[in-house]
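All remarks here apply to the structure that follows.
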Amino acid sequence: MNASTYDGDMGERAVVAPHPTHKLRLLLKREFWENKGGFFWAPLWAGAISLLLTLMAIVVGEVVARRAMADGQINIDNNVRINGLDLGALTGRMSAEDLRQLGQGIDLSLLMSSTWPFIVLAFVVFFYCLGSLYDERKDRSVLFWKSLPVSDLETVASKALSALVVAPVLATAAALATMIGFMVLISAVVLIHGGNPLTLLWGPGSPLSLLVHFIASIPVYAMWALPTVGWLMLCSAWARSKPFLWAVMIPVFAAIFVGWFDIMNLFNLDTMWFLKHITGRSLLSVFPGFWLTASDSLQINGPDAVGDILSLSHTYSVLKSPQLWIGAVAGIAMLVGAIRLRRWRDDN
């Protein structure tokens with residue numbers, strides 16, 4: 001990782017220290033290639049499974065509808081038929097309000113299909129952070145990495161950035177591929193039944209708005225997930241064995257003790273507050289969209305709530321919440337603790 005040049009007059013090699021950004025880029029590449037299965041393939045496979053289940057549901061729906069029609073269980077007029085459904089005639093009867101509601105339903109379907117890569121992202125980031133500093137001590141590779149001209153700060157920072165930025169970016173790309181695949185599948189169904197996908201799907205739906213929302217949410221995710229990432233990496237640097245048990249048991253048992261003190265009226269403690277702001281933030285902040293729990297103005301009322309969920313004003317309103325900034329400061333403090341622990345703990 002060192003760069004070198006030759007002195008033209010003396011014929012000697014002069015060692016030039018690499019730029020910090022160059023080292024960070026190499027460290028990020030190292031983290032990606034060592035965890036490519038979780039960062040890259042896992043969200044893609046999750047999206048592919050989502051599309052497979054969608055295709056299976058479409059096939060089952062077509063078969064059941066045709067069987068019901070053959071058995072005379074569905075009575076529909078001559079213009080709209082299940083066996084050879086004329087979606088073109090159906091489109092002509094739709095009002096502007098019907099198209100608006102159709103668009104909300106399509107957006108909700110796209111949101112549900114694209115959540116698969118993000119759910120996998122949460123588990124990938126959780127277990128990646130748990131093993132990020134523990135595994136290199138377990139297999140003794142930490143001795144090799146410490147022999148390189150890379151500081152503990154740079155190493156821990158590269159791992160934190162991989163969890164907070166690289167993994168969400170790749171999951172967002174997988175979500176985009178899943179949304180496009182979902183729209184292609186539904187478009188094929190619409191075409192088979194005589195409809196126009198541009199009128200019934202791509203026009204009313206908002207796949208580009210969804211993509212913009214996902215990309216714009218990455219900075220919010222990075223800041224909101226800092227407490228969990230910091231806590232898990234601190235446990236990874238500290239635990240001599242079984243970091244998962246330590247990372248989970250400490251917040252959970254702390255909540256149990258707080259609940260016991262609350263029941264016994266020994267201290268003026270709020271169990272629900274502790275569960276939400278301490279235990280929940282320590283373990284669940286890596287789940288995308290978890291910051292919506294800090295919004296008091298968000299109302300979940302069926303498909304109409306999709307617009308609120310996808311509103312950037314609701315997403316960025318969490319920046320006004322003390323929960324985010326206090327959690328971010330706590331996460332950075334725990335990352336600093338992980339850096340200091342890595343300097344002397346190698347389990348020799």
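The values are calculated or read from the model by the stated rules, or taken from the named source; none is laboratory data. Note that the structure is predicted; figures quoted are calculated from it, not measured. Don't worry about glycine lacking a Cβ; one is built from the backbone with ideal geometry, like all the others, and counts go over all protein chains shown. With ligands, DNA and RNA removed, areas are computed over all heavy atoms of the protein, side chains included. Shrake-Rupley method; radii C 1.70, N 1.55, O 1.52, S 1.80 Å.
Pairing residues of the stretch 185-196 that are of a type in the set (Asp, Glu) with residues that are surrounded by fewer than 18 Cβ atoms within 10 Å (Cβ to Cβ) and part of a helix (DSSP H, G or I), at Cβ distances under 9 Å and at least 6 apart in sequence or on separate chains, gives no pairs at all. On the stretch given as the stretch 139-152, residues that are assigned to a helix (DSSP H, G or I), more than 29 Å from the chain's Cα centre (by Cα) and in contact (Cβ under 8 Å) with a residue 60 or more places away in the chain total 2.
Residues of the stretch 296-313 that are more than 21 Å from Gln101 (Cα to Cα) and at pLDDT 65 or above: Ser313 alone. Which ones in the stretch 316-337 are of a type in the set (A, V, I, L, M) and under 13 Å from Pro227 (Cα atoms)? Answer for the stretch 316-337, where residues must be of a type in the set (A, V, I, L, M) and under 13 Å from Pro227 (Cα atoms): Leu324, Ile326, Ala328, Val329, Ala330, Ile332, Ala333, Met334, Leu335, Val336. Return a yes/no flag: does the stretch 204-224 have any residue that is farther than 30 Å from Gly181 by Cα and assigned to a helix (DSSP H, G or I). Within the stretch 204-224 (the criterion being farther than 30 Å from Gly181 by Cα and assigned to a helix (DSSP H, G or I)), the answer is yes, since at least one residue qualifies. Within this structure, Ala17 passes the test of being at pLDDT below 90, over 17 Å from the mean Cα position of the chain (by Cα) and of a type in the set (A, V, I, L, M). Residue count for the stretch 205-231, restricted to those that are farther than 30 Å from Met334 by Cα and either crowded, with 19+ Cβ neighbours inside 10 Å or in contact with a strand residue (DSSP E or B) (Cβ under 6 Å, 6 or more places away or on another chain) (or both): 3.
Taking helices (runs of 4 or more DSSP H) as the structural unit, those lying wholly within the stretch 34-138 and holding at least 3 residues that are closer than 28 Å to Ala157 by Cα, at pLDDT 90 or above and open to solvent by 60 Å² or more (accessible area, probe 1.4 Å) correspond to 96-132. Taking residues in the stretch 228-252 that are closer than 19 Å to Asp139 by Cβ, and partners anywhere that are open to solvent by less than 40 Å² (accessible area, probe 1.4 Å) and among the polar types (S, T, N, Q), the pairs with Cβ atoms closer than 7 Å and at least 6 places apart or on different chains are Met233/Ser132; Ser236/Ser132; Pro243/Ser236. Taking the criterion of being in contact with a helix residue (DSSP H, G or I) (Cβ under 8 Å, 6 or more places away or on another chain) and part of a loop (DSSP other than H, G, I, E, B), the residues of the stretch 263-284 that qualify are Phe267, Leu269, Asp270, Leu284.
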